[in-house]
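The values are calculated or read from the model by the stated rules, or taken from the named source; none is laboratory data. This is a predicted model, so every value here is computed, not measured. With ideal geometry, Cβ positions are generated from the backbone for all residues, glycine too; neighbour counts draw on all protein chains shown. The protein model used for the area step is the full one, side chains on, heavy atoms only, and it has no ligands, DNA or RNA in it. Shrake-Rupley method; radii C 1.70, N 1.55, O 1.52, S 1.80 Å.
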Amino acid sequence: MRAAIGLWRWRHNPLRRTTDLVEAWVAFAALALLCLVAPLTGWAAGASAHGSLQRAVRTQQEQRVPTTARVVRPADRPAGGPSSAEAAGEERLRRSVVARWTAPDGSARTGTVTTARRQSAPGSTFPLWTDRHGRPVAPPMNADTALAHAIVAGLTAALLAGLLVETVRRLAVRRLVLTRYARLDRAWAAAGPDWGRTGTGS
């Protein structure tokens with residue numbers, strides 16, 4: 001709005017320089033791009049990400065099968081123990097166990113998986129996701145998580161588009177300011193030698 005008001009004021013101002021008018025138009029164009037292009041970019045990026053993620057959700061739900069696993073015994077811990085603070089935090093919340101579960105083809109499988117510590121006692125059961133061959137996999141992404149990721153992608157794209165517009169505007173304004181200074185230096189160089197002399201009109 002300020003850019004539009006400034007552009008209107010500069011239309012017939014006798015002190016207006018060409019660079020002033022160009023700067024006002026640059027500001028007006030940047031405002032229009034921020035109001036139109038940035039939201040459209042965010043919407044397009046969010047819609048594209050949402051479509052891709054929803055396809056991934058459907059694919060994962062088709063290829064991953066829920067089952068129930070039963071703990072056989074605790075798994076052997078690595079000799080070195082947790083190698084980082086993050087691993088130590090994971091160790092406090094989850095535990096590796098040897099468990100038995102049934103594959104989609106009906107065969108019994110046994111392997112080392114991780115589960116919550118409260119479900120790690122021998123004989124405890126816990127939900128487990130496997131692929132079509134019975135191998136343990138991560139749970140499929142749900143639709144709400146996919147939507148949240150798509151929203152974040154859209155907002156990020158809109159923010160980057162707005163940042164790009166503002167960067168271009170600042171570069172253009174800086175160029176205009178340098179042009180003004182250069183013209184002022186040339187005008188001063190032309191008038192400076194006669195400044196204050198009698199009969200020079202100054």
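Legend: calculated FRET efficiency, Leu40 to Thr67, from the Cβ-Cβ distance at R0 = 30 Å, rounded to 0.05, equals 0.10. When you count the other C-beta atoms within 10 angstrom of each residue and take the mean per peptide, 38-49, 176-187 line up highest first as 38-49, 176-187. Derived scalar couplings between HN and Hα for the stretch 159-175 equal 5, 5, 5, x, 5, 5, 4, 5, 5, 5, 4, 5, 5, 5, 5, 4, 5 Hz in order, rounded to whole Hz, by the Karplus curve 6.51 cos²θ - 1.76 cosθ + 1.60 (θ = phi - 60°), x for Gly and Pro. Above 25 angstrom, tally the Cα pairs of the stretch 97-201 and express them as a % of all pairs, no decimals. Percent of Cα pairs beyond 25 Å in the stretch 97-201: 64.
Each part gets one Cα centre, and for the stretch 102-146 versus the stretch 163-184 those centres are 59 Å apart. Solvent exposure of Val168, expressed as accessible area, is near 80 Å², computed with a probe of 1.4 Å over the protein chains only.
If every alpha-carbon in the stretch 97-143 counts as one equal scatterer, what log10 I(q)/I(0) does Debye give at q = 0.30 1/Å? Results for the stretch 97-143 at q = 0.30 Å⁻¹ read -1.21. Simple spin-label estimate for Arg58 and Asp185 gives 6.3 nm between the two label positions (7 Å along the Cα-to-Cβ direction from each Cα). Working from label points 7 Å from Cα in the Cα-to-Cβ sense, the Arg94 to His133 distance is 2.1 nm.
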